[in-house]
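Encoded as C-alpha cells, the structure appears first; notes follow it.
Throughout, read-outs are computed from the coordinates displayed, never taken from laboratory work. From a predicted model like this one, the values you see are computed outputs, not experimental measurements. A quick note on method: Cβ atoms are made from the backbone with ideal geometry, for glycine too, and the neighbour counts reach across all protein chains shown.
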There are 2 protein chains.
Amino acid sequence: MPIIQKIRIILVDTTHPGNIGAVARAMKNMELARLYLVNPLYFPHAEATARAAGADDILQNAVVAESLLEAIQDCQLVIGTSSRVRSLPIALLDPKEAVTKAIVEAKVGYEVALVFGTESSGLSNEELKLCHYHMHIPTNTEFASLNLAAAVLIIAYEIKMALAKAEEGEEGGDVFGLVQQLPELATVVDQECFYTHLEEVLIQSNFLDPKKPRHLMERMRRMFGRARLERAEINIWRGVLTELQKKMIKGVIE
Amino acid sequence: MPIIQKIRIILVDTTHPGNIGAVARAMKNMELARLYLVNPLYFPHAEATARAAGADDILQNAVVAESLLEAIQDCQLVIGTSSRVRSLPIALLDPKEAVTKAIVEAKVGYEVALVFGTESSGLSNEELKLCHYHMHIPTNTEFASLNLAAAVLIIAYEIKMALAKAEEGEEGGDVFGLVQQLPELATVVDQECFYTHLEEVLIQSNFLDPKKPRHLMERMRRMFGRARLERAEINIWRGVLTELQKKMIKGVIE
C-alpha cells in the first residue's frame, strides 16, 4: 500500500467550511488523500466545495467523526500541531522531524494521524494529550496567525518533498534509511483502555485521589507516550493490573 | 543588515487583489518584509487589505513597478518560479535549493529577487529569461493548481526554516557554511545593457540576422546566465564590444 494511504490529516472542530475546502485543495496539490473531520461546524457545505477547487474526491471521501479519539482509534502514531510552544514536556518536533517520523512509520505499515486544531485556538490540552508528539510550525512570533490550510499545506509539502527524495534513490533517501523492523505498536484504543485501567488501579490503591489528582495521569501518559508502548507490552501491563485488582479486592475481603 | 532585508518577493501581473493580501499575510507569517508588485490589476484594494489579515505594513511598503525589469534592476540574483518543468535548458531548482542560494547570496550582500508569475499562466518566457535560475515547487502532476499565496508561503517557510537552523549554530548551519567571499556580481541592469550591446554587435557583424534570430540571444543569455557574470567581467566585455564596433565602422568606411 502506498505510504500516502497510511497517513491521514485530521481537522478538529473546524469552524469555517471554506477552510475545509482549502485544506482539501492543499492536500491534493501535494498528493495526500485521506481527510478526517472531527465535529465540523458545517459539512458538507457549498463553500467547502468551492474552495476545494476540484479536490472534490477528497471531500467526498472525508470521514466525519464525533471525537478525536474516534478519528485516531486505529492509529499507532498521532502527531498534533501546536501553535504555541507549550510548557507540556512532550517532544516538540519541527515540520521536517514530524514528517520524517510520519513517513518512516507509515512505511512500516502503521496508521499515522496528523492532527490540526480549531482555527481560533488550536488543539485543546485534552486533545494534545492524545498525541504521541506535538509539532510546531515556526512562524513570526509577532504575527503567528497561520491559517489552517497554510499549516496543512506546509506539512503536506514536506511529505511530498521527503517522498520525492526517497524515490530518487540513495542520495536523498535518508528517510527510508531509518526504516527498520519496528515492533507492533499499540493502537490508540489499546492505550486508552490501558490508561483507564491504570487509573482505576491507582485509585483503588489509594495512590491517586480523584479529588486531588495532581496531574498524575498526565505524567503517566507522558512517560508511556515517550516509550511508545508495543501491543505485547500493553497486554503484559493489562495482566499486571488485573492481578493487582484481584489482590486488592481479596485484601479488602480478608 | 538582516538577510531578510536583502530578499524581495515579486508578484507579476497579479489579477486578484485578494491574492496580494494573502501573499502579504504568508510573508509576514514567515518574517519576510519586502513585496514588489509588477502591474497589479488592482492595487491598493480593500480585498487585499482584508486578506492580509493584519500584514498591512507589507502592503503599505509594497513597491509597484511597471515591468519585471524595473523591479529587479538592482538585483544580482533573480530566481523565477516555473509551474511547468520547461524545456528551457536553464537550471531548475527545487525550493530548498533555491532558498539556499537566495540566503547565501543575501548574506553576502547581494540583492535577491524571488519572482512569481500571474495566477493563470505563471511567468512568461520573456520574464523567465530575465531570471538566473528557475525554481519549481513539486506538486501533484494531476492537480498542480497551487495558488499564488500557497507558492509564496512554501518558499517563505523554507527561508524561515533555513535561517532558524543557521541561527541554531553549527549543526544545522549548513547554509552559512556555503558563504564565501563571493565576487561583486553584475546587477540585472548591467547585464541587460551588456546583452543589448552584444546583440547590436552581433547584428552589425552580420552574424545575427534580426529577421532570422534563431534563438541566438537566448542562447547567449543562458550561457552568460550560468556563468553569473561579475561586474568587472561585464566591464571587460563592454570594452571589447565597443572596440569591435569601432573596427567594424572603420571597416565600412575604409
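Observations, loosely collected:
- Binned Cα-Cα distance frequencies in region B:100-157 - 5 Å width, integer %: 4, 14, 25, 25, 20, 9, 3, 1
- Normalised alpha carbon radius of gyration of the protein assembly as shown [divisor 2.2 N^0.38 Å]: 1.20
- Selection from A:LEU123, A:HIS215, A:VAL23 lying farthest towards where the dipole of chain A points positive, charges on Cβ: A:HIS215
- Interchain or long-range residues, amide H under 5 Å from A:GLU230's placed H: A:ALA186
- Distances between equivalent label points of A:THR141 across the copies, with each point positioned 7 Å along Cα→Cβ, amount to 4.4 nm, shortest listed first.
- Extended-chain gain in nm, criterion 0.36 nm per residue less alpha-carbon gap, B:ALA53 and B:ALA144: 30.1 nm
- Label geometry 7 Å along the beta-carbon vector: A:GLU218 inter-copy distances in nm: 6.3
- Helix axis angle, A:95-108 relative to chain A longest principal axis, alpha carbon, degrees: 70
- For B:ARG34, the residues whose amide H sits under 5 Å from its own are B:ILE9, ignoring neighbours fewer than 5 places away on the same chain, with H placed 1.01 Å from N.
- Highest-MSF residue in chain A out of A:LEU198, A:LEU114, A:LEU11 [GNM, Cα springs under 10 Å]: A:LEU198
- Cβ neighbours within 10 Å from other chains - mean over B:211-222: 0
- Between the residues B:ILE9, B:ALA102, B:ILE79, the greatest Cα displacement towards the positive end of the dipole of chain B, with unit charges on the Cβ of Lys, Arg, Asp and Glu, is found for B:ILE79.
- Long-range amide H partners of A:LEU123 with built H, under 5 Å: A:SER83, A:GLY117, A:THR118
- Average Cα contact separation per residue, region A:3-177, under 8 Å, 6 or more apart, as relative contact order %: 28
- Listed values for region B:195-211 are Karplus-derived 3J(HN,Hα) couplings in whole Hz (6.51 cos²θ - 1.76 cosθ + 1.60, θ = phi - 60°), namely 4, 4, 5, 4, 4, 4, 5, 5, 6, 4, 7, 6, 6, 10, 9, x, 7, and x replaces Gly and Pro.
- For A:ASP74, label point 7 Å along C-beta direction: distances to other copies, nm: 5.9
- Net +/- balance of residues flanking B:ASN140 in space, Cβ distance below 13 Å, scoring K and R +1, D and E -1: 0
- Measuring against 26 Å, Cα to Cα, the residue pairs A:LYS6/B:LYS101; B:LYS129/B:LYS246; A:LYS160/B:LYS129; A:LYS6/A:LYS28; B:LYS28/B:LYS101; A:LYS129/B:LYS160 contain A:LYS6/B:LYS101; B:LYS129/B:LYS246; A:LYS160/B:LYS129; A:LYS129/B:LYS160 as the ones spanning a longer distance.
- Helix B:216-227 and the long axis of chain B differ in direction by around 60°, with both axes built from C-alpha atoms.
- For chain A, the alpha carbon convex hull comes to 139 Å³ per residue, rounded to a whole number.
- Point-charge dipole on Cβ atoms (K/R +1, D/E -1) for region A:3-177, about Cα centre, debye to 20: 140
- Simple point charges give the picture: +1 on the Cβ of Lys and Arg, -1 on the Cβ of Asp and Glu, and for region B:1-61 a dipole about the Cα centre of about 180 debye.
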